[in-house]
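Student: One structure, pasted below without further comment.
The values are calculated or read from the model by the stated rules, or taken from the named source; none is laboratory data. Because the structure is predicted, anything quoted here is derived from the model rather than measured. As a convention, Cβ positions derive from the backbone with ideal geometry for all residues, glycine included, and neighbour counts pool all protein chains shown.
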Amino acid sequence: MLVTWKYRPRNTFIQSLDPRTRFILLACTIFALTIPDIWDYRILVSLFLLSLTQFLLARIEWKDIRRPLFFISILVFLIVGLNGLLSGRGGPSSVDDPNSPILFQVLIPGTAWGVTVTISKLWFAMNQVIRILSMALPAILIPYSMDPNIYGTAFKRMGVSDKISFTTDLAFRFLPTFARDLTITMDAQRARGYEMDKLKGGVVARIQRLAPLVIPVTMQSTVTGEEVIDAMDLRAFGTAPRTWLKELHYAPRDYAVIGLGVAIFITCCVLKWGFGIGGFFVPDFFTKVLVG
Amino acid sequence: MNNNSTWEFGTRQVVYGAIGAALYGALSWATNFFPLPAAGNITFRPAVAVLIFFGVAYGPIVGLLAGFIGNTLGDLISGFGFYWNWSLGNGLMGMIPGLVMASITDFKARSQIIKAVGWGALGIAVGMLFASLTEMFTGGIDLNTALVGYFVPAFLGNFIVTAILLPILMIAFAGVAARRGR
C-alpha cells in the first residue's frame, strides 16, 4: 500500500493563490448555492464555468485525475442525476409540475406501475448534476494543488485555534508513517500465512479476519502517541501561544479572488431574496427543442 | 487507565486526535478503493471501529477531531475532494462514543464493552443521520433518498464493523495499557 500525496508544485495561477483564498472561494461557492437554494440554470451555469475554469487552470494531468473523476461521475450521474430524472425529488416542488410535457414512461416489468419522465424532471436532473459539479470540482483540486505542509498554518491564519491547527498539521505528518506501518504489518502477516485477498466466509468472518491487520497498527499507534506526548510536554506545548514556521501573505490577486467569492455569495442572496430570481424553472427553448 | 476529564483539550487530546485522524484516513483510503463487499450498496469501512475506539479510549474531543480530520484526509488522498457535512458527520460519530470515556474503567469487562458498542451505535446513528440529512441541502436529494439510499446503508455497514472489531480493539488495548502502566 502506498499513500502518496498527489501534490506536485506546478507553475499555475491556482497554486500561486494563498491557500486561505482557495478555502474561502470554495466556501463562498457552496454557500451561494445552498443557502439561498439556487436552481436557476443561468446562475448554475455561471458558477459551473467558474469552477471549471479553476479546474482547468490547475493543469492537473489526466492520468492523475481520471480515477477520482470516474468515481465522482458515477456518484453524480447515476445516483443523483438518475434520482432527479426519475423521481424529480430533492429540489423545489415546481419540478413536479403536472402540466410539464411527458417525454416517456419507464414501466416496471410485470406490473402496471411506471415512472413518468417529464421535461421538467429532465431539466431538473441536468441542473442537479451541474450544481453538484460546481461544488465538487474546486474541492477535487485541493490534494493535487495545495502543499500538505501548509494546511496547519492556513487553518491557524484563518482563526482556528493553535491546538486544532496543530492537530491537523500532526495528522498530515503521521499519515505516511501509519501507511508504512500498515504495509509492514500486512507483509508480516502474509509471511505467517494471512491471506488478505481471500476473505472467505460470511460477513462476520470476513470482518474478523481484518483484525490481524487493524489491531497491531492501532495498538502500535497508541504506544507511539505516549512518546510524542512526552516529547511535546517536555517542550512545554500548549503553555503559551505558539509560533508557526511558515508565513502566509495575501497578494493583490488573493484580495481580488476573495472579493469575487464574496460578491458571488452576496449576489446570489440578493437575487433570490431581493428580486425573486434563482428559483427553478424550465426555459422555453428547452421545451421547444424536445417537443417542438 | 482513564482519569482525564471528559472535555479536557491538552497535549494528549491533540496527539491522539492527530493519530486517530491519520489512522482513520489511511484505513479509509484503503477501503475506498478496495471495499469489502456486502449486501446491496452497503460497504464496510473497518476504519470506523478504530474511530469509535479512539473516542471511547480518549474522549469526545479526540473522537471529534479524529473523525472530522480523518474523513477529510481519507477523501483528500482518495482524490474525492472535501465534503464538510460528511466530515462533520464522521466527527459526531467519533465524538458521541467519547462521552462514555469516563465510565469505561476496565476495557476487558463485558458490560463495559457492551456499553461502548451501544454508545458507538448511537454515535453512528447521529453522525450518519446528520450527514445524510444535510445532503438534502448540498446534494439536492429528497428525504427518502437521504434515509434509504444514504443513512440506512451507512448505519448498517458501520454498525456491523463496530460490533465486531470494537470489542477486539478494547481487549487488545487493555493488554497494551496494562503493560505500559498508564
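Student: Within the set of pairs 6+ apart or on separate chains, which have a first residue in segment A:247-274 that is of a type in the set (Gly, Ala, Ser), a second that is not in a helix (DSSP H, G or I), and C-beta atoms under 9 Å apart?
Tutor: Filtered contacts from segment A:247-274: A:251/A:17; A:251/A:18.
Student: Yes or no: segment A:175-193 includes at least one residue that is touching a residue at least 12 places away in the same chain (Cβ under 8 Å), surrounded by fewer than 21 Cβ atoms within 10 Å (Cβ to Cβ) and in contact with a Ser or Thr (Cβ under 7 Å, 6 or more places away or on another chain).
Tutor: The answer is no, given that none of the residues of segment A:175-193 is touching a residue at least 12 places away in the same chain (Cβ under 8 Å), surrounded by fewer than 21 Cβ atoms within 10 Å (Cβ to Cβ) and in contact with a Ser or Thr (Cβ under 7 Å, 6 or more places away or on another chain).
So that you can scan it fast, the table gives a plain yes or no per residue for (1) within 12 Å of chain A (Cβ to nearest Cβ); (2) modelled with pLDDT of 90 or more; (3) touching a strand residue (DSSP E or B) at 6+ places or on another chain (Cβ under 7 Å):
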position	(1), (2), (3)
B:49	yes, yes, no
B:56	no, yes, no
B:65	yes, yes, no
B:81	yes, no, no
B:90	no, yes, no
B:95	no, yes, no
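Student: Also, quick follow-up: Looking at segment A:51-70, is at least one residue small (Gly, Ala, Ser), at pLDDT 85 or above and surrounded by fewer than 17 Cβ atoms within 10 Å (Cβ to Cβ)?
Tutor: no
Student: Residues that are within 24 Å of residue A:29 (Cβ to Cβ), facing chain B (nearest Cβ under 10 Å) and not basic (Lys, Arg): does segment A:221-243 have at least one?
Tutor: Within segment A:221-243, none of the residues are within 24 Å of residue A:29 (Cβ to Cβ), facing chain B (nearest Cβ under 10 Å) and not basic (Lys, Arg).
Student: Quick check: is even one residue across segment A:108-117 of a type in the set (Val, Ile, Thr), in contact with a Ser or Thr (Cβ under 9 Å, 6 or more places away or on another chain) and either farther than 22 Å from residue A:277 by Cβ or assigned to a strand (DSSP E or B) (or both)?
Tutor: Looking through segment A:108-117, at least one residue is of a type in the set (Val, Ile, Thr), in contact with a Ser or Thr (Cβ under 9 Å, 6 or more places away or on another chain) and either farther than 22 Å from residue A:277 by Cβ or assigned to a strand (DSSP E or B) (or both).
Student: Restricting to segment B:94-152, and then to whatever is aromatic (Phe, Trp, Tyr) and out of contact with any Pro (no Cβ under 6 Å at 6 or more places or on another chain), can you tell me which residue is surrounded by the fewest Cβ atoms within 10 Å (Cβ to Cβ)?
Tutor: B:137
Student: Within segment A:142-182, which residues are more than 10 Å from chain B (Cβ to nearest Cβ) and not in a helix (DSSP H, G or I)?
Tutor: Matches in segment A:142-182: A:147, A:158, A:159, A:160.
Student: If you check residue A:281 against the conditions, is it closer than 14 Å to residue A:32 by Cβ, among the aromatic types (Phe, Trp, Tyr) and out of contact with any Leu (no Cβ under 6 Å at 6 or more places or on another chain)?
Tutor: Answer is no for this residue.
Every residue, every condition in (1) surrounded by 18 or more Cβ atoms within 10 Å (Cβ to Cβ); (2) at pLDDT 90 or above; (3) outside any helix (DSSP H, G or I); (4) touching a His at 6+ places or on another chain (Cβ under 9 Å), yes or no:
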site	(1), (2), (3), (4)
A:219	no, yes, no, no
A:223	no, yes, no, no
A:228	yes, yes, no, no
A:245	no, no, yes, no
A:255	no, yes, no, no
A:262	no, yes, no, no
A:265	yes, yes, no, no
A:268	yes, yes, no, no
A:273	no, yes, no, no
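Table: residues versus (1) in a helix (DSSP H, G or I); (2) more than 8 Å from chain A (Cβ to nearest Cβ); (3) closer than 30 Å to residue A:127 by Cβ.
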position: B:113; (1), (2), (3): yes, yes, no
position: B:116; (1), (2), (3): yes, yes, no
position: B:125; (1), (2), (3): yes, yes, no
position: B:134; (1), (2), (3): yes, yes, yes
position: B:149; (1), (2), (3): yes, no, yes
position: B:152; (1), (2), (3): yes, yes, yes
position: B:159; (1), (2), (3): yes, yes, no
position: B:170; (1), (2), (3): yes, yes, no
position: B:174; (1), (2), (3): yes, yes, no
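Student: So which residues in segment A:106-152 are touching a residue at least 60 places away in the same chain (Cβ under 8 Å) and of a type in the set (Lys, Arg), if there are any at all?
Tutor: A:131
Student: How many residues are more than 26 Å from residue B:61 (Cα to Cα) and of a type outside the set (Phe, Trp, Tyr) if we restrict to segment A:162-212?
Tutor: Residues in segment A:162-212 being more than 26 Å from residue B:61 (Cα to Cα) and of a type outside the set (Phe, Trp, Tyr): 29 in total.
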